[in-house]
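This report concerns only the one structure given below.
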Amino acid sequence: MRFQTTLVPARLIRRYKRFLADCRLENGREVTAHCANPGSMMGLAEPGTKIWLEPNDDPKKKLKFGWRLVDHENGHFTGVDTSVPNRALKGALERRAIPALAAYETVRPEVKYGQNSRIDFLLSQPGLPDAYVEVKSVTLCRQPGLAEFPDSVTARGAKHLAELATVARQGHRAIMLYLVQRSDCDSFSLAADIDPTYARAFETARSQGVEKLILSTHISPEGVEIAEML
């Protein structure tokens, strides 16, 4: 998935109200960018951090920049836009480029299911059980090389696990897919100390047939691409 417009570098001044970030462009101009991330963004929102913004000229958008990447200034990047995983995954699923899900030809995003929820992707193929795929963006890293989820308490995430477990009990495939939006991590773990309720919900879901997939990404200011399984 390539970014629609060329990203521009900036320095973070502050992130506030979860979805807003004041930033300073290289020419010294200060702008406010949309931050499409409801999590804590632990370790990613320190003032002075180098970031990459995507400009837009859409008259319907009040903010003319969107915060897309953190640049760790060591050759590695983190993608902070939580809408990116679904956009990147849609293309990979349609190309049947994810081996564990390559048997499915039909890919339907945002299908209603459960209790007032939408599954990120519903995959179907004649002769196979439907596959319900819930996607989570992973950006937390507290130990070198280790990506963790979640970065804050997520009651919504626990609800999704319970609904996946229900789908699995009904005979369908239910898949919790964690997409690691960091280029500096090669392993994954649940952050049970941050949200023990979510960790327990995950173990319960796994015991009832919910599958786990962890995918890495290649990230640059040009775009985000699905990489190998972790």
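The values are calculated or read from the model by the stated rules, or taken from the named source; none is laboratory data. What you see is a predicted model, and the numbers here were worked out from it, not measured in a lab. In this analysis, Cβ positions are derived from the backbone assuming ideal geometry, glycine residues included, and neighbour counts consider all displayed protein chains. Remember, those area values only see protein heavy atoms, side chains included, never the ligands or the DNA or RNA. Shrake-Rupley method; radii C 1.70, N 1.55, O 1.52, S 1.80 Å.
On the beta carbon distance between L20 and S220, with R0 = 22 Å, the FRET formula returns roughly 0.30.
Based on alpha carbons, the Rg and Dmax found for the chain are 18.0, 59 Å.
Legend: calculated FRET efficiency, K112 to T32, from the Cβ-Cβ distance at R0 = 35 Å, rounded to 0.05, equals 0.55. Averaging 1/r across all pairs of distinct Cα atoms in the range 61-167 and inverting the result yields a Kirkwood radius of 16.1 Å.
How about the range 2-96: which trypsin sites (Lys or Arg not before Pro) there are in a DSSP loop, with at most 14 other Cβ atoms within 10 Å of their Cβ? Walk me through the numbers before you get to the answer.
Details: sites: R2, R11, R14, R15, K17, R18, R24, R29, K50, K60, K61, K62, K64, R68, R87, K90, R95, R96; in loops: K17, R18, R29, K60, K61, K62, K64, R95, R96.
Passing sites in the range 2-96 are K17, R18, R29, K60, K61, K62, R95, R96.
Positive contributions from Lys and Arg (+1) and negative ones from Asp and Glu (-1), summed over other residues with Cβ under 10 Å from the Cβ of T106, come out at -2. 3J(HN,Hα) along the range 114-129, derived from phi through the Karplus expression 6.51 cos²θ - 1.76 cosθ + 1.60 where θ = phi - 60°, amounts to x, 9, 6, 10, 10, 7, 4, 9, 10, 9, 9, 7, x, x, 10, x Hz, with x in place of Gly and Pro.
GNM remark for the chain: springs join alpha carbons under 10 Å apart, and the peak mean-square fluctuation among P99, P150, P38 falls on P99.
Between the range 127-166 and the range 14-60, what is the C-alpha centre distance in whole Å? Their Cα centres are 25 Å away from one another. For the range 135-230, the relative contact order comes to 32 percent (Cα pairs under 8 Å, sequence separation of at least 6).
Rounded to the nearest whole Hz, the Karplus-based 3J(HN,Hα) values (6.51 cos²θ - 1.76 cosθ + 1.60, θ = phi - 60°) of the range 212-229 follow the sequence 10, 10, 10, 10, 9, 9, 9, 10, 8, x, 8, x, 10, 10, 5, 10, 7, 6, with x at glycine and proline. Counting only protein heavy atoms, what percent of the accessible surface of the chain is carbon or sulfur at a 1.4 Å probe? The nonpolar share, carbon plus sulfur, comes to 49 percent.
Using DSSP to define loop residues, name the GluC sites (Glu not before Pro) in the range 74-147 whose beta-carbon has at most 16 other beta-carbon atoms within 10 Å.
Of the GluC sites (Glu not before Pro), the ones in loops of the range 74-147 whose Cβ has at most 16 other Cβ atoms within 10 Å are E105.
Viscosity 1.567 mPa s, temperature 4 °C: what is the translational diffusion coefficient of the range 158-213 from Stokes-Einstein with a Kirkwood Rh over Cα pairs, rounded to a whole number of µm²/s? Diffusion coefficient, whole number: 108 µm²/s.
What the range 186-227 shows is 46 Å² of accessible area per residue, with the surface traced by a 1.4 Å probe over protein heavy atoms.
Considering all C-alpha pairs of the range 104-183, those separated by over 16 Å amount to 56%.
In the complete set of protein chains, residue-level accessible area for H172 is approximately 60 Å², probe 1.4 angstrom. Distant-in-sequence amide contacts of G223, defined by a placed amide H-H separation under 5 Å and a gap of 5 or more residues or a different chain, comprise F3. Dividing the summed -39500 (n - 2.57) terms of all DSSP H runs of n ≥ 4 by the residue count of the chain sets its mean residue ellipticity at 222 nm at -5000 deg cm²/dmol. Placing W52, W67 in order of accessible area, with the largest value first and a 1.4 Å probe, yields W52, W67. Using every pair of separate Cα atoms, the Kirkwood estimate puts the hydrodynamic radius of the range 1-100 at 14.4 angstrom.
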